[in-house]
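Asker: Okay, handing you the structure first.
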Amino acid sequence: MSKLHIVSNRLPISIQTENDNITVTPSVGGLATGMRSIYKEYGGKWIGWPGLDACEMSTDQLNRVDKALESESCESVHLTKDEINLYYEGFSNKTIWPLFHYFTQHITYSHEFWESYKQVNQKFADKALEVIEEGDTIWIHDYQLMLVPEMIKSVKPNVTIGFFLHIPFPSYEVFRILPWRTELLQGILGADLIGFHTYDYERHFFSCVRRLFGYEISFNQIHLEDRIVMADAFPMGIDYEKFSNAALENVQKPVQEKSDLHKELEKYFLISPDRRLILSIDRMDYTKGIPNRLRAFDLFLQKHPEYIGKVTLIMLTVPSRDEVDSYKQLKSEVDELVGKINGKYGTINYTPIWYFYRSLPFNNLIELFSSSDVAMITPVRDGMNLVAKEYVASRTNKTGVIILSEMAGVAKEMGEAIIINPNNEEEIADSIKTALDMPLKEQRERMTLLQDRTKRYDVFKWSREFIKGLRKIEKIQHSFLAKKITNGVKKELVKQYKEAQNRAVFLDYDGTLSPFKKNPQDAYPDEELHGIIEKLVADKRNTVTIISGRDRDTLEEWFKDHKVNLIVEHGVWLKNYGQEWEMLVSVNNSWKPEIRPILESFVDRTPGSFIEEKNYSLVWHYRKAEPEQGELRANELKDELHTLIGNLNLEVMEGNKVIEVKSGGINKGASAMKFINNKSFDHIMAIGDDWTDEYMFRELGDKGVTIKVGLTQTSANYKLESVAAVRRYLKDLVE
Ligand code: GDG
């Protein structure tokens, strides 16, 4: 059975080294729990950094660490202090983290960081390549390892690769700031399935892929030259049962077994039973909106003095990246704000904010969740935010209210929370009042819905859904590749070709023989193409016809030195080699004055687009337009045209970044059939890339070797992935 492996920056374990003893303890974090059940079930390995500085350990110690990790099916990538500084603390946390969370003012642009990021990603990829076998599946996690998918795919194309990003994916306007934006995107696109927490991150990703690479995207599938990649939203869940069971146990625990923290909390409620607790838990990070939250709490007490002495904010803030300047500044700001508020409203018996700057054990976390009336989660940006889900799971009596930032991914799933804009302190202050005043009945109604949803889509379901996604993309890729010309198929086709004595060869031009250019006039044949055509026509057994939507003059000029026939304007005109142009279908142009103004209005409203006038058609080109606007306008234009064309006997054709309006009844298929009619070809071959060529493929059916360029659906019998592959194929025929 093929295996499933996990790759993440950190291994889900902690290592204690005491004298010569090395002990490995499995971690209990959300990702660790969700993934452990998966990779062990599939007999795979977890590849990552064990959290040690490799320079401080002897080779013998490192070997013993590796040995100890075997029991957890882990494979370590050992990193030196320098690598941690530059790749992890540097590029990951000082460049990508602020950029992807829209904190552009905190970004460090360092070439040294980038070089290290590449080198360490390669180290992870190399380790993975040692472990994985052909046909295995690998799931790579998060922003520290964005280059790894491509590094693996380029060496082992038959490994199915998943990539999940745990933080937001920013909009193109922010992503484009990064000097290494194309390399990062290219790296992620090495995966077959790319997962995000929300649809918004997914669409930002698509927008970046469109703008930076121009790849075609249909629904949630990206069409690379030789592969289909799928992206989707998989909102991460938590181990619901773990939290709800722990909370239940906590309620039922006898007094003597309760923790000191719990006893303190009970004392607090004993002194004044009407006291209310608000809880916040997060890492000390500028993305988490801690100062905003504090200022809003201050404003709340100022606006509602009746709550002074009655409401306490418990703020658990876990130290994080505390060597970094921006984090140091944040810590000072938070310390100062807490001091100010406590000084302003505090009394001997009342401290408005209980501030913990440390991490607490799991059971304390549960006690805090269980005892707090309100959870205040106000990040300015947050990929998901699992604390919100953990609070929900811990509310055994189904009460409690969540104040939740709309900027956290989790807000998409928690319509029952009080949703706030974290930059609107007035609104947050008011929401505290609303939360504290919310009737119990309403709290229960909301909490029941939140619990049902959080329980249903837990971390196990999340990982299973992702794996389902991987299987789905494998199937899709398989079906797209079904008609692909493999080496074996090629051999057979070359044999058929060689055996034939009288061949008709139909070749579309743009996207088939020559790649698309921003300006159509720049796509003239290069030397390689001239060479291929020369060899094709040199064989007396070949009748070669270029069959294209282009105009007469251009193709006549470009192919004047070759003994080829030309069928142009989608089949209106034919020029047998050495003869004059003849019309294959009779058409008129009386419709043009009616349609041209419509296209002109689209040119005016779509910068970069333009009109090409052919003898019997008008074409609106939008390749140079801003991609999303281009797509949008193309749909609008099609709509508008469809209401008109019926009466005028016109056809609207959608090509690659073009909309073409032409007289009805013209198509490449009919013209190709006319051309071969009454001639005795014993081998017919047709190659083309877009749906105008599908007419030709359908007409020829099984009578010819029909080849579609690209991997999308087709009625052709075969597929080649790109212009380069077409050229290779033609060379194989003639050489
Ligand atoms: C990234 C993304 C995304 C916190 N304090 C203590 C403690 N915690 C636990 C919480 C929770 C976890 O840490 C924090 O998870 P978050 O999701 O809130 O945030 P990040 O660490 O920033 O994680 C985030 C996540 O990845 C998953 O994809 O949701 O958006 O930024 O589980 O309970 N645990 C213990 N003591 C503490 O003091 N034991």
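The values are calculated or read from the model by the stated rules, or taken from the named source; none is laboratory data. A quick note: this is a predicted structure, and the numbers were derived from the prediction, not measured. Counting neighbours? That spans all protein chains shown, and the Cβs are built from the backbone with ideal geometry, glycine included.
Asker: Any chance the stretch 616-638 includes a residue that's in contact (Cβ under 8 Å) with a residue 40 or more places away in the chain, acidic (Asp, Glu) and under 11 Å from Glu660 (Cα atoms)?
Answerer: no
Asker: If you take the residues of the stretch 497-509 that are surrounded by 15 or more Cβ atoms within 10 Å (Cβ to Cβ) and farther than 25 Å from Asn667 by Cα, which of them is farthest from the chain's Cα centre (by Cα)?
Answerer: Among residues in the stretch 497-509 that are surrounded by 15 or more Cβ atoms within 10 Å (Cβ to Cβ) and farther than 25 Å from Asn667 by Cα, the one farthest from the chain's Cα centre (by Cα) is Ala500.
Asker: Consider Val318 carefully, then state whether it is within 13 Å of the ligand (Cβ to nearest atom), farther than 24 Å from Asp437 by Cα and among the hydrophobic types (A, V, I, L, M, F, W, C).
Answerer: Yes.
Asker: Are any residues in the stretch 303-314 more than 17 Å from Ala375 (Cα to Cα) and free of Cβ contacts under 8 Å to residues at least 40 places away in the same chain, and if so, which ones?
Answerer: Hits for the stretch 303-314 are Pro305, Glu306.
Asker: Let me ask something else. Quick one: which residue in Val255, Val251 is over 30 Å from Lys94 (Cβ atoms) and either at pLDDT 85 or above or within 16 Å of the ligand (Cβ to nearest atom) (or both)?
Answerer: On inspection, the qualifying residue turns out to be Val251.
Asker: Being crowded, with 24+ Cβ neighbours inside 10 Å and not small (Gly, Ala, Ser) is the filter here, so list the residues in the stretch 119-133 that pass it.
Answerer: Val120, Phe124, Ile132
Asker: While we're looking at this one, here's another question. For the stretch 298-339, which positions are part of a loop (DSSP other than H, G, I, E, B) and either touching a Pro at 6+ places or on another chain (Cβ under 6 Å) or over 19 Å from Thr287 (Cα atoms) (or both)?
Answerer: Answer for the stretch 298-339, where residues must be part of a loop (DSSP other than H, G, I, E, B) and either touching a Pro at 6+ places or on another chain (Cβ under 6 Å) or over 19 Å from Thr287 (Cα atoms) (or both): His304, Ile308, Gly309, Lys310.
Asker: What pairs come out if I take residues in the stretch 259-287 that are among the acidic types (Asp, Glu) and pair them with residues that are within 16 Å of the ligand (Cβ to nearest atom) whose C-beta lies under 6 Å away, six or more apart or interchain?
Answerer: Pairs found: Asp282/Lys288; Asp285/Ser320.
Asker: Out of Thr454, Thr512, I need the residue that is assigned to a loop (DSSP other than H, G, I, E, B) and crowded, with 20+ Cβ neighbours inside 10 Å. Which one?
Answerer: Thr512
Asker: Among (1) surrounded by 14 or more Cβ atoms within 10 Å (Cβ to Cβ); (2) more than 30 Å from Gly34 (Cα to Cα); (3) acidic (Asp, Glu), there is one condition Asp274 misses while meeting the rest; what is its number?
Answerer: Condition not satisfied by Asp274: (1).
Asker: Here is a list of conditions, (1) more than 16 Å from the ligand (Cβ to nearest atom); (2) surrounded by fewer than 23 Cβ atoms within 10 Å (Cβ to Cβ), and Ala296 meets all of them except one; can you say which number that is?
Answerer: For Ala296, the failing item is (2).
Conditions tested, residue by residue: (1) surrounded by 20 or more Cβ atoms within 10 Å (Cβ to Cβ); (2) within 26 Å of Arg36 (Cα to Cα).
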| position | (1), (2) |
| --- | --- |
| Gly135 | no, yes |
| His141 | yes, yes |
| Ser154 | no, no |
| Phe163 | yes, yes |
| Ser171 | no, no |
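Asker: To continue, here is another question. Check Gly400 against each of (1) in contact with an Asp or Glu (Cβ under 7 Å, 6 or more places away or on another chain); (2) free of Cβ contacts under 8 Å to residues at least 24 places away in the same chain and name the one condition it does not meet.
Answerer: The one condition Gly400 does not meet is (2).
Asker: Going by the conditions given, is Gln105 closer than 18 Å to Ile161 by Cα and surrounded by fewer than 16 Cβ atoms within 10 Å (Cβ to Cβ)?
Answerer: no
Asker: Suppose we filter the stretch 325-379 for residues that are within 16 Å of the ligand (Cβ to nearest atom) and of a type in the set (A, V, I, L, M, F, W, C); how many remain?
Answerer: Number of matching residues: 13.
Here's the yes/no breakdown for (1) of a type in the set (A, V, I, L, M, F, W, C); (2) closer than 25 Å to Tyr622 by Cβ; (3) in contact with a Cys (Cβ under 9 Å, 6 or more places away or on another chain); (4) in a loop (DSSP other than H, G, I, E, B):
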{"site": "Val505", "(1), (2), (3), (4)": "yes, no, no, no"}
{"site": "Lys518", "(1), (2), (3), (4)": "no, yes, no, yes"}
{"site": "Tyr524", "(1), (2), (3), (4)": "no, yes, no, yes"}
{"site": "His530", "(1), (2), (3), (4)": "no, no, no, no"}
{"site": "Lys535", "(1), (2), (3), (4)": "no, no, no, no"}
{"site": "Lys540", "(1), (2), (3), (4)": "no, no, no, yes"}
{"site": "Thr545", "(1), (2), (3), (4)": "no, no, no, no"}
{"site": "Arg550", "(1), (2), (3), (4)": "no, yes, no, yes"}
{"site": "Asp553", "(1), (2), (3), (4)": "no, yes, no, no"}
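Asker: OK, next. Looking for something assigned to a loop (DSSP other than H, G, I, E, B) and either touching a Lys or Arg at 6+ places or on another chain (Cβ under 6 Å) or away from the ligand (no atom under 16 Å from the Cβ) (or both) - is there at least one such residue anywhere in the stretch 380-389?
Answerer: For the stretch 380-389, residues assigned to a loop (DSSP other than H, G, I, E, B) and either touching a Lys or Arg at 6+ places or on another chain (Cβ under 6 Å) or away from the ligand (no atom under 16 Å from the Cβ) (or both): absent.
Asker: What are the pairs with Cβ atoms under 7 angstrom where one residue, in the stretch 428-447, is assigned by TED's automatic domain parsing to the domain that holds Pro379 and the other, located anywhere, is of a type in the set (Ser, Thr, Tyr)? Sequence gap at least six, or different chains.
Answerer: From residues that are assigned by TED's automatic domain parsing to the domain that holds Pro379, the pairs are Ile428/Thr378; Leu440/Thr399; Gln443/Thr399; Arg444/Thr399; Met447/Thr399.
Asker: A further question follows. Just to confirm my filter: which helices (runs of 4 or more DSSP H) fall fully inside the stretch 16-127 and include at least 2 residues that are more than 16 Å from the ligand (Cβ to nearest atom) and modelled with pLDDT of 85 or more?
Answerer: By residue number, 59-70.
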